[in-house]
Amino acid sequence: MKKDFLKSNKIGIFILSRYNSKRLKKKAGLKILGKTIIEILIQRLLNFFDTKNLTICSSKTNNNIKFYKLVSKKFNIKVFFGNEKNVLKRIIDCMKLNRIKHFVRVTGDNPLTDPSAILNLANHHIKRGNDYTYTESLPIGLRPEIFSLKALEKNYKFIEDLNSTEYLTYFFIRKDLYKIQKVNLSKKFKNQDKLSISIDTKKDFLLLKKMMKYYRNILIKNNEIISYLKKNSNQKIIKKKIFLKTKKYNVKYLFDNKKYIFLR
């Protein structure tokens, strides 16, 4: 695939991240091998992509602004600060400002997101004219996903709770509303999709730290990550049923009559 594929198709990689975290305080600033989690993610992405492909997309709070301005300056990548709770509006505003038609969602929780999977999904996304493209073949924490601006705007006014758009995936795994594609990537292990290296708790962080110190390299390859997780972590059961409304979030549209959707 051509190096300018993302640029020519107006695809941007957005790193959605906040400095503060309820479960793991100052998560983005935690260090492993002398680098913060967000720096590990950025350096892994820059091993595949140009600085112009990346944008940090964060919210307008003092801690975020100060921290991510320093990070963007260090790596010479763009940074955008938008709405704190309405993540979807933040993304749409960032896309329009940067004249992007499709965006790759990468979160600060997933410093080991697979760059090669981004290119693979991007190719399928553009070739098929998808609204939303994702994969479940990789462990949680390695998976990117791609959305079109057209899809993001399509049902915006029908979302019941825009403050729940942090759970963006749940709004778009909807074959009844969008043209979506699940891309099946080759697997090293049969059940590798049940593994996870997404950083949400202190326990998750310590697992990542232990793995990084074992390999002594932030550019760990997929097969190394998966092999390590296979030996050192428990397989997680992925829920097939996603409830549209819970005490934690509400991902319903105003016209929804159903109570849940299937993840697969």
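The values are calculated or read from the model by the stated rules, or taken from the named source; none is laboratory data. Source: prediction; values computed, not measured. Neighbour counts are summed over all protein chains in view; Cβ atoms, including those assigned to glycine, are modelled from backbone coordinates with ideal geometry.
Cβ-Cβ under 7 Å, sequence separation 6+ or interchain: first residue in the range 138-160 and at pLDDT below 95 and among the hydroxyl-bearing types (Ser, Thr, Tyr), partner surrounded by 23 or more Cβ atoms within 10 Å (Cβ to Cβ) and assigned to a helix (DSSP H, G or I). Which pairs?
none
So is Lys127 of a type outside the set (A, V, I, L, M), in a loop (DSSP other than H, G, I, E, B) and over 23 Å from Leu244 (Cα atoms) or not?
no
What about Phe49, is it within 18 Å of the chain's Cα centre (by Cα) and under 26 Å from Ile218 (Cβ atoms)?
The answer is yes for Phe49.
Only residues in the range 175-194 that are touching a residue at least 12 places away in the same chain (Cβ under 8 Å) count as the first member; pair them with residues that are of a type in the set (Lys, Arg), Cβ under 7 angstrom, at least 6 apart or cross-chain, and list the lot.
Sorted first by the residue in the range 175-194, then by its partner, the pairs are Gln181/Arg128; Phe189/Lys230; Lys194/Lys236.
If Leu88 passes every condition in (1) under 21 Å from Ile218 (Cα atoms); (2) in a helix (DSSP H, G or I); (3) in contact with a helix residue (DSSP H, G or I) (Cβ under 7 Å, 6 or more places away or on another chain) but one, which one does it miss?
Among (1) under 21 Å from Ile218 (Cα atoms); (2) in a helix (DSSP H, G or I); (3) in contact with a helix residue (DSSP H, G or I) (Cβ under 7 Å, 6 or more places away or on another chain), the lone unmet condition for Leu88 is (1).
Looking at Thr113, Thr169, Thr133, which is the one that is in a helix (DSSP H, G or I) and at pLDDT 95 or above?
Of Thr113, Thr169, Thr133, the one residue that is in a helix (DSSP H, G or I) and at pLDDT 95 or above is Thr169.
Could you list, ordered by first residue, the pairs with Cβ atoms under 8 Å in which the first is in the range 56-70 and touching a residue at least 24 places away in the same chain (Cβ under 8 Å) and the second is in a helix (DSSP H, G or I) and of a type in the set (Phe, Trp, Tyr), at least 6 apart or interchain?
From residues that are touching a residue at least 24 places away in the same chain (Cβ under 8 Å), the pairs are Ile56/Tyr68; Ser58/Tyr68.
Which members of the range 13-39 meet the condition of being touching a residue at least 40 places away in the same chain (Cβ under 8 Å), more than 20 Å from Arg105 (Cα to Cα) and not in a loop (DSSP other than H, G, I, E, B)?
Within the range 13-39, Ile32, Lys35 meet the criteria.
For every residue, the table says whether it meets (1) at positive phi; (2) of a type in the set (Lys, Arg); (3) modelled with pLDDT of 95 or more.
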{"position": "Phe5", "(1), (2), (3)": "no, no, no"}
{"position": "Ile13", "(1), (2), (3)": "no, no, yes"}
{"position": "Arg23", "(1), (2), (3)": "no, yes, no"}
{"position": "Lys26", "(1), (2), (3)": "yes, yes, no"}
{"position": "Leu54", "(1), (2), (3)": "no, no, yes"}
{"position": "Lys60", "(1), (2), (3)": "no, yes, no"}
{"position": "Ser72", "(1), (2), (3)": "no, no, yes"}
{"position": "Phe81", "(1), (2), (3)": "no, no, yes"}
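Restricting the search to the range 204-233, which residues are over 19 Å from Leu46 (Cβ atoms) and either outside any helix (DSSP H, G or I) or touching a strand residue (DSSP E or B) at 6+ places or on another chain (Cβ under 6 Å) (or both)?
Lys209, Arg216, Ser233, listed by residue number.
Enumerate the pairs (first residue in the range 76-102 and closer than 17 Å to Phe49 by Cα; second residue anywhere and exposed (fewer than 15 other Cβ atoms within 10 Å of the Cβ) and of a type outside the set (Lys, Arg)) with beta-carbon separation below 6 Å, excluding pairs fewer than 6 apart on the same chain, so at least 6 apart or on different chains.
Once the first residue is closer than 17 Å to Phe49 by Cα and sits in the range 76-102, its partners that are exposed (fewer than 15 other Cβ atoms within 10 Å of the Cβ) and of a type outside the set (Lys, Arg) give Asn76/Thr51; Ile77/Thr51.
Any chance you could count how many residues in the range 13-37 are closer than 16 Å to Pro144 by Cβ and crowded, with 23+ Cβ neighbours inside 10 Å?
4
May I ask you to list the residues in the range 40-78 that are in contact with a Lys or Arg (Cβ under 8 Å, 6 or more places away or on another chain), buried (at least 19 other Cβ atoms within 10 Å of the Cβ) and assigned to a helix (DSSP H, G or I)?
The answer is Asn53, Asn64, Ser72.
With the condition kept exactly as written, say whether any residue in the range 197-212 is surrounded by fewer than 12 Cβ atoms within 10 Å (Cβ to Cβ) and in contact (Cβ under 8 Å) with a residue 60 or more places away in the chain.
Checking the range 197-212: not a single residue is surrounded by fewer than 12 Cβ atoms within 10 Å (Cβ to Cβ) and in contact (Cβ under 8 Å) with a residue 60 or more places away in the chain.
So, Gly129, is that one in contact (Cβ under 8 Å) with a residue 12 or more places away in the chain, surrounded by fewer than 21 Cβ atoms within 10 Å (Cβ to Cβ), more than 22 Å from Lys187 (Cβ to Cβ) and among the small types (Gly, Ala, Ser) or not?
In short, yes.
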